Amino acid sequence: MQIITLSEQEFENFAKNHKYRNYYQSIEYAEVMKNMGFETHFIGIKDSKLIGASLLIYKEVFMGKKIAYAPRGLLLDYSNKEKLIEITEKIKELLGNQGFILLRIDPYIPATIRDNKGKITNLNNEINNIMINIKSAGFKYKGQNKGFENEQPRYESIKLLNDTTINLYNNMNKRIKHKITRARGCGITISEDKTKNISELYNFIKDKKIFNKKYLNEIVKQFPTSQVYYAVLNTDSFVIESKKRYESELERNNNLAKKIQNIGKKNNKILNMKMESDRLIDVYKNDLVLATKLLKEYPKGLIISGLLTIDYNNSRYIIAEGYNKNFSHLNSNYLLKWYLIEKSKKQNLNYINMNALYGNFEKKNIYTNLNNAKLEYNSIPIEYIGEFDLILNNINYSMYQAFSKNKSYQFKRDLI
């Protein structure tokens, strides 16, 4: 068995057909990371034929010593313990001799499929054996974390597109459908930015400190399948629709008031309808005031949310999304994702990866809204196996931990 260097084409030919293929393990992502200041290398594992491969990205972190990361890799068969141990020893020997002190992996291996309350509906029958095998090979498991401590999240939201568009809509949470309707009623439209300018999108997400602007630009530049979408508030339509809703609700409110006078105040149903109408009048009045103001300031319209996607393996991945918090009540981000679902279905894609979820579904927490904004589209939570570290040189790694300010180096920090 040998660890060899692969050309880009050799790597691509293997990676695109592998069971655990993903866009992180691609020549495009290698270029992204190279332009972000990392070194990259394609390795192959050969045993009479190619049985494994991986993109490695790496960086010098301490006194000439390097840490390597196989993003969502290595791409190999983890079910054969003996071969995995042999492969690991070969990698450990090769990288150890080249000044590496650690190799980090987080294979794209699903562990469970869950429902939107976090209950397991499907378990990968191989996951326990795979976990034992990786640990037996010498990798240290980073744990079943539920948050975003690792390089990549352990939980993601997958929206399957295996039904009609009508059923995809009907099966969504009622709250999401209400938000989509409200966004449409405010004159919001969705458009694809053919120039792929992510400046507006970055302004919406920069405070979150997830990615820096250069990284997003590199994604756009290196992935030909990248797409940028924006939700635009058409201010003239917003005025017209707001006025219609306000006047319509005023008329309805007056009719309800007359009914109360005629039948008395004992009818709770009518009273509740009147109270809800009172609330809506305030909402629509505020909308009309805001719309009138915005029409003066932005007569040509205003971008209020956006997202960046890439296509890979006949599926669509949301890389980044954000919205203008001043207009969050208009729900443009919900309409934007529904537009993406409709378009992806028409293009016969398999699913949309809606990106990270927080792994605690039961108790309300600071990420509950993040989860709901994805799961209420009737998407599926996928849990992955997680992250592992392989120490390649104990002495040098101990020195790094003892003297380095950045004792637990993370590649993702350099992308913020």
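Conditions first: (1) loosely packed, with under 13 Cβ neighbours inside 10 Å; (2) closer than 21 Å to Val232 by Cα; (3) more than 33 Å from the chain's Cα centre (by Cα); (4) not acidic (Asp, Glu). Thr292 passes all but one, so which condition is the exception?
All conditions pass for Thr292, except number (1).
Can you work out which of the residues in segment 382-404 that are out of contact with any Ser or Thr (no Cβ under 6 Å at 6 or more places or on another chain) and part of a strand (DSSP E or B) is nearest to Leu161 (Cα to Cα)?
Ile382
Take the conditions in contact with a Ser or Thr (Cβ under 8 Å, 6 or more places away or on another chain) and more than 30 Å from Leu302 (Cα to Cα) and apply them to Asn267. Does it pass?
No.
Please count how many residues of segment 73-114 are open to solvent by less than 10 Å² (accessible area, probe 1.4 Å) and of a type in the set (D, E, K, R).
Counting residues in segment 73-114 that are open to solvent by less than 10 Å² (accessible area, probe 1.4 Å) and of a type in the set (D, E, K, R) gives 1.
Let's see how each residue does on (1) touching a helix residue (DSSP H, G or I) at 6+ places or on another chain (Cβ under 6 Å); (2) farther than 30 Å from Asp77 by Cα; (3) touching a residue at least 40 places away in the same chain (Cβ under 8 Å); (4) open to solvent by 20 Å² or more (accessible area, probe 1.4 Å):
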| site | (1), (2), (3), (4) |
| --- | --- |
| Glu149 | no, no, no, yes |
| Glu156 | no, no, yes, no |
| His178 | no, yes, no, yes |
| Thr181 | no, yes, no, yes |
| Thr189 | no, yes, yes, yes |
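Out of the residues in segment 191-222 that are surrounded by fewer than 15 Cβ atoms within 10 Å (Cβ to Cβ) and touching a Phe, Trp or Tyr at 6+ places or on another chain (Cβ under 8 Å), which is nearest to Ala291 (Cα to Cα)?
The residue in question is Ser191.
So which residues in segment 245-272 are modelled with pLDDT under 90 and aliphatic (A, V, I, L, M)?
Leu256, Ala257, Ile260, Ile263, Ile270, Leu271
Restricting attention to segment 1-51, which residues are buried (at least 21 other Cβ atoms within 10 Å of the Cβ), assigned to a loop (DSSP other than H, G, I, E, B) and more than 24 Å from the chain's Cα centre (by Cα)?
Leu6
Do we have any residue at all in segment 131-144 that's among the polar types (S, T, N, Q), in a loop (DSSP other than H, G, I, E, B) and surrounded by 14 or more Cβ atoms within 10 Å (Cβ to Cβ)?
Taking every residue of segment 131-144 in turn, none turns out to be among the polar types (S, T, N, Q), in a loop (DSSP other than H, G, I, E, B) and surrounded by 14 or more Cβ atoms within 10 Å (Cβ to Cβ).
So how many residues does segment 64-96 have that are outside any helix (DSSP H, G or I), in contact with a helix residue (DSSP H, G or I) (Cβ under 6 Å, 6 or more places away or on another chain) and more than 18 Å from His41 (Cα to Cα)?
Final tally of qualifying residues: 1.
Of (1) buried (at least 23 other Cβ atoms within 10 Å of the Cβ); (2) modelled with pLDDT under 95, Tyr334 satisfies all except one. Which?
Among (1) buried (at least 23 other Cβ atoms within 10 Å of the Cβ); (2) modelled with pLDDT under 95, Tyr334 violates only (2).
Need a quick list: strands (runs of 3 or more DSSP E) entirely within segment 284-374 having at least 2 residues that are closer than 21 Å to Lys179 by Cα and among the hydroxyl-bearing types (Ser, Thr, Tyr).
On the way: elements: 302-312, 315-323, 351-356.
It comes to none.
Exactly one condition in (1) farther than 17 Å from Phe148 by Cα; (2) basic (Lys, Arg); (3) at pLDDT 90 or above is false for Lys374; which is it?
Lys374 satisfies every listed condition except (1).
Between Tyr317, Tyr284, which is modelled with pLDDT of 95 or more and among the hydroxyl-bearing types (Ser, Thr, Tyr)?
That would be Tyr317, the only listed residue that is modelled with pLDDT of 95 or more and among the hydroxyl-bearing types (Ser, Thr, Tyr).
Quick check on my filter: what residues within segment 148-167 are more than 12 Å from Glu387 (Cα to Cα) and over 13 Å from the mean Cα position of the chain (by Cα)?
Correct list: Leu160, Leu161, Asn162, Asp163, Thr164, Thr165, Ile166, Asn167.
Among the residues of segment 385-416, count how many are under 24 Å from Phe148 (Cα atoms), among the small types (Gly, Ala, Ser) and modelled with pLDDT under 90.
Matching residues across segment 385-416 total 2.
Does any residue in segment 307-318 that is under 18 Å from Lys196 (Cα atoms) come within less than 6 Å, Cβ to Cβ, of a residue that is of a type in the set (Asp, Glu) six or more places away or on a different chain, and which pairs are these?
Leu307/Glu321
Which residue out of Asn369, Asn396, Asn350 is open to solvent by 60 Å² or more (accessible area, probe 1.4 Å) and touching a residue at least 24 places away in the same chain (Cβ under 8 Å)?
Numbers: Asn369 fails: touching a residue at least 24 places away in the same chain (Cβ under 8 Å); Asn396 fails: open to solvent by 60 Å² or more (accessible area, probe 1.4 Å).
Exactly one of Asn369, Asn396, Asn350 is open to solvent by 60 Å² or more (accessible area, probe 1.4 Å) and touching a residue at least 24 places away in the same chain (Cβ under 8 Å), namely Asn350.
The values are calculated or read from the model by the stated rules, or taken from the named source; none is laboratory data. If you're wondering where the values come from, they're calculated on a predicted model, not measured in any experiment. Every residue, glycine as well, gets a Cβ built from its backbone with ideal geometry; the counts of neighbours run over all protein chains shown. These area figures cover heavy atoms from the full protein model, side chains too; ligands, DNA and RNA do not enter into them. Shrake-Rupley method; radii C 1.70, N 1.55, O 1.52, S 1.80 Å.
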